[in-house]
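Below: the structure, in structure tokens.
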Amino acid sequence: MIDQITIDKIMDAAQIVDVVSQYVTLKRRGINYVGLCPFHTDKTPSFYVSPSKNICKCFACGEGGTAVHFIMKHEQLTYYDALKFLARKYGIEVQERELTDEQKKAHNERESLFILNDYARDYFVNTLHEHLEGKSVGLSYFKERGFREDIIKKFQLGYSLEQRDAFSQNALKAGYKEEFLTKTGLAIKSDHNNQLIDRFRGRIMFPVHTLSGKVIAFGGRILKKAENTGKYVNSPESEIYHKGNELYGIYFAKQAITKADCCYLVEGYTDVISMHQAGIENVVASSGTALTNGQIRLIHRFTTNVTVIYDGDAAGIKAALRGIDLLLEDGINIKVILLPDGEDPDSFARKQNAESLSKYIKDNEVDFMRFKTKLLLDEAGNDPIKRASLISDIVNSISVIPDNIIRAVYVKDCSILLDVDERILVEEVNKKRLAYLEKQPVQKIEPEMSAANNDLSQPIERNTKTVVKKTVIDKFELAILYYVVRFGKEPLLEEGQEANSDSMTVIDYVKFDLERDGMWFAHPLYTQILEDAIAHAHEETFVPSRFFLAHPDQQISKIAAELLGDRYQLSKVHTKQYGEDAKQEDTPMAEEKHLIKNVPRVLTELKDAHITKRIKEIKEEMEQKQKAGDWDAAIDLMRQIKDFEEIKKALAKALGERIILRW
Ligand SMILES: [Zn+2]
């Protein structure tokens, strides 16, 4: 963990114009800078950089935020690593926050596993290039396969000796603990004599890297014909290695994937390496297993377009079909390339150069759904039962696709291919879709900023699976946070009044007012922002805007960036209510003067929204009681409604007549 003081230092040093202009050519426009957005194909400059707010934002695709967000997205780093990246750039020493003993232990253990894996990688690389056996068996194999020297180095390929404990003995001598040798899975403890045995013996070694390039596992391929052992052996799952969350090659592919906005999916280590050597770098491997949700999420961070490259043989195709529905479900566009008979991506890529390989890919890419339909049709022939099961299989795949339009296109396509009436297919897909949706867990509410933002802005998260529309209550909570984040420590003063020790700040007032009426926020993220603000409100060094921009929860710092944006105006709902005079007050200075009017007003609106909602609920309940003939209960509910309407009237009075809206 990095402490707050260091984060502040980094945020101060990392001037947004300086950071962004390393990647984007910026031109001055008024008080801001603009350039072509690096995150989407931008034809007119949509990317705004505000030096005064120290943030950036694309008004076409919605990407942006602080310098840290920019680096996270551009360099594909985590929040923590992006901070360290900027710290290095600006020569700031990173002070790690003191960890608890338990955290330290967990942290140290993970670190120890990483360090040992680094050591093992270096050992295997060294063995390949320096040891007689490594050279004569491992290196000569790679050379025979036509792997270039630079590619062998880049992928950190190595060799493990045949001697049963060569690596373990070496590591123990170098001071590595037995505990970590077994925890990483590099060694296995023998059952009968407690001796350490190397997991990888007489194998060429492929280190598996995380997104940020750390070695978390190894794959070893045996070269000799051997009984009782698989061609490939892989590291077991460990504290640092969860197979289902990793993709082989992602570290070397991430930038190329972003650039091409497409990811090729192959099966094995050598497929990835051979394609790299042929000049295609946006390629990853699922390492033989069917795709998992974790792996799909990883790809989805970089692109929504995946092309699966299949071996030409039937077994390869069948294997690859598994897991594809998961990609469809995630809204990924899938294409398929079938290689010539008898070829796999490795063998095929080795026969091509970059140009011919790209051309083959371009000429042979087909849409997945069409591919699957044709494949199954061929298989079914004229057998009516097989045809029926094929149709239900296709219907299943189409029904999981989240996008309505894409589903409709596929239905049309497949009805022609299958020679089935389109209406029947639509009906079947709808039935399946309903059943599928019912099985889904309750969806999480994610913040979606566009509703409370002006027309130019877009949702922050482009690829969130479910964007839940903001409720009226969410909107007013966000409007309150607008004042908390921008002016949280400012006092509420009447015109001409001087601040004194009795003056209430915006944060104090919001807390006081909500508590007085026994209310609180409902939206979980907004609640956290409010509660964080209250917790720190009386700290000397607490500056709400800085604090929330640098918040370790990415979703929160993004909300703060939005609220602080130059272009952020309160929602239309809001400005409409305040009329023309509000528009002229948009400059922060003017707004600051009117805090005493605006903050209570928006709080009142939140309450009004709650009461409106409550009245609606009670009315529904009352109607049901009436239907059921329970008149006593109905009358009781009617009284409650009357009470709430009285409160509403009082609120309306407080708000002035123009502002109550009807929803
Ligand atoms: Zn953009």
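The values are calculated or read from the model by the stated rules, or taken from the named source; none is laboratory data. Bear in mind the structure is a predicted one, so any value in this text is a computation, not a measurement. Here the Cβ positions follow ideal geometry from the backbone for every residue, glycine too, while neighbour counts run over all protein chains shown. Calculation scope for accessible area: heavy atoms of the full protein, side chains included, ligands and nucleic acids excluded. Shrake-Rupley method; radii C 1.70, N 1.55, O 1.52, S 1.80 Å.
Counting only the Cα atoms, segment 37-97 fills a convex hull of 99 Å³ per residue.
Split the accessible area of the chain by element, probe 1.4 Å, and carbon with sulfur accounts for 51%. Ranking Thr44, Thr210 from most to least accessible surface, computed with a 1.4 Å probe over the protein chains only, gives Thr44, Thr210. Taking a straight line from the alpha carbon of Lys648, these aspartates and glutamates sit under 18 Å away, with near neighbours fewer than eight places off in the same chain left out: Asp513, Asp517, Glu605, Asp608, Glu617, Glu657. Computed over neighbours whose Cβ is under 10 Å from that of Phe218, the net charge equals +3, Lys and Arg +1, Asp and Glu -1. For segment 323-362, the convex hull spanned by the alpha carbon atoms encloses 90 Å³ per residue.
I'd like the FRET efficiency for Tyr23 and Gln626, computed as 1/(1 + (r/R0)^6) with the beta carbon distance as r and R0 of 45 Å, rounded to 0.05. Calculated transfer efficiency: 0.10.
Sorting Thr229, Thr527 on solvent-accessible area from highest to lowest, probe radius 1.4 Å, gives Thr229, Thr527. Averaging 1/r across all pairs of distinct Cα atoms in segment 98-224 and inverting the result yields a Kirkwood radius of 15.3 Å.
When you count the other C-beta atoms within 10 angstrom of each residue and take the mean per peptide, 544-551, 364-371 line up highest first as 544-551, 364-371. FRET efficiency for the Asp118 to Lys362 pair, using the beta carbon distance and R₀ = 51 Å, is estimated at 0.85. Take each peptide in 633-644, 112-123, count the other Cβ atoms within 10 Å of every residue, and average; sorted highest first, the result is 112-123, 633-644.
Per residue, the convex hull around the alpha carbon atoms of segment 120-187 comes to 88 Å³. Excluding same-chain residues fewer than 8 positions from Lys627, which lysines have a Cα within less than 25 Å of its Cα? Lys627 reaches Lys613, Lys616, Lys619, Lys642. Counting only DSSP beta bridges whose two residues both lie in the chain, roughly 75 percent are antiparallel. Only protein heavy atoms count here; on that basis, with a 1.4 Å probe, Arg164 has an accessible area of about 130 Å². In plain terms, if you count all Cα to Cα distances in the chain and split them into 10 Å steps from zero, the share in each step is 3, 12, 18, 20, 19, 15, 8, 4, 1, 0 percent.
Across all Cα pairs in segment 1-71, the calculated P(r) in 5 Å bins from zero up to the longest distance comes to 4, 18, 29, 23, 13, 7, 5, 1, 0 percent per bin. The accessible-area ordering, largest first, of the residues Glu562, Glu494 stands as Glu494, Glu562, per a 1.4 angstrom probe. Take the chain with all the other protein chains still there, run a 1.4 Å probe, and you get 51 Å² of accessible area per residue.
In terms of distances greater than 26 angstrom between alpha carbons, the cross-link table entries Lys135/Lys225; Lys84/Lys511; Lys154/Lys351; Lys489/Lys597 yield Lys84/Lys511.
Residues of segment 392-428 with an amide N closer than 15 Å to a point placed 7 Å from the Cα of Leu437 along the Cα-to-Cβ direction: 399-408, 427-428. Determine, from the Cβ-Cβ distance of Ile611 and Ala522 and an R0 of 22 Å, the FRET efficiency 1/(1 + (r/R0)^6), rounded to the nearest 0.05. My answer for the efficiency is 0.95. Between Arg301 and Gln555, the distance separating the two model label sites (each 7 Å from Cα on the Cα→Cβ line) works out to 1.7 nm.
Under 20 °C and 1.002 mPa s, how fast does segment 166-208 diffuse according to Stokes-Einstein, given a Kirkwood radius computed over C-alpha pairs? Answer in µm²/s, whole number. Before the final figure, lay out each step's value.
On the way: Rh = 10.9 Å.
Answer, rounded: 197 µm²/s.
Protection proxy ranking of 59-71, 606-618, 175-187, by the mean of other Cβ atoms within 10 Å over each peptide's residues and highest first, is 59-71, 175-187, 606-618. Think of each Lys and Arg Cβ as +1 and each Asp and Glu Cβ as -1; about the Cα centre, that makes the dipole of the chain roughly 1360 debye.
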